[in-house]
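Single-structure report; data block below.
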Amino acid sequence: MQRWAVIFTDKPEMNNIRADRKTRDAHVAYAMAHPELVIGGGLKPSPEADFCGALWIVDADTRDAVEALIKEDPFFVPAYRNYQIFTWGKILEDQSAIL
């Protein structure tokens with residue numbers, strides 16, 4: 001199993017998708033149904049700013065599996081969201097981090 005970091009970059013129009021309650025609920029349900037998405041959440045340049053992207057940490061065997069997870073997410077709207085996928089290794093691998 002490999003650990004991956006996914007960094008999403010959103011266009012401002014993505015905030016309209018985020019504001020749609022039905023889509024947001026579907027996104028949350030999707031995330032909950034996929035335990036390989038270890039942790040994730042939206043990114044803002046400051047607490048009072050709009051979201052500008054997101055970060056996911058994913059455990060998956062392949063990059064293709066990570067891309068499939070991304071593309072099936074109700075929040076993935078290719079016109080408004082780009083992503084980069086990186087392999088990721090955690091410093092202090094033997095220590096847990098609880099967020």
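The values are calculated or read from the model by the stated rules, or taken from the named source; none is laboratory data. Keep in mind it's a predicted model, so treat the numbers as computed, not measured. Neighbour counts run over all protein chains shown; Cβ positions are idealised from the backbone, glycine included. Calculation scope for accessible area: heavy atoms of the full protein, side chains included, ligands and nucleic acids excluded. Shrake-Rupley method; radii C 1.70, N 1.55, O 1.52, S 1.80 Å.
Points to keep in mind about this one:
- On Cα atoms only, tilt of 63-72 relative to the major axis of the chain in degrees: 30 degrees
- Relative contact order (%) - criterion: Cα under 8 Å, at least six apart; region: the chain: 45 percent
- Rg/Rg_ref, the chain, where Rg_ref = 2.2 N^0.38 Å and atoms are Cα: 1.09
- 24 Å Cα-Cα reach of K22 towards lysines, excluding residues that sit fewer than 8 places from it in its own chain: K11, K44, K71
- Packing here is the average count of other Cβ atoms within 10 Å per residue, and on that basis the peptides 11-20, 86-95, 73-82, highest first, run 73-82, 11-20, 86-95.
- Selected from H27, A79, I39, residue furthest toward positive end of dipole (the chain; charges at beta carbon): A79
- Gain in span if fully extended, F51 to D20, counting 0.36 nm per residue against the direct Cα distance: 9.8 nm
- Net dipole in debye of the chain [+1 Lys, Arg Cβ; -1 Asp, Glu Cβ; about Cα centre; nearest 20]: 260 debye
- Residues of the range 2-28 with amide N under 20 Å of a point placed 7 Å along Cα→Cβ from D59: 2-7
- Surface share of carbon and sulfur [accessible, 1.4 angstrom probe, percent] for the range 16-92: 57 percent
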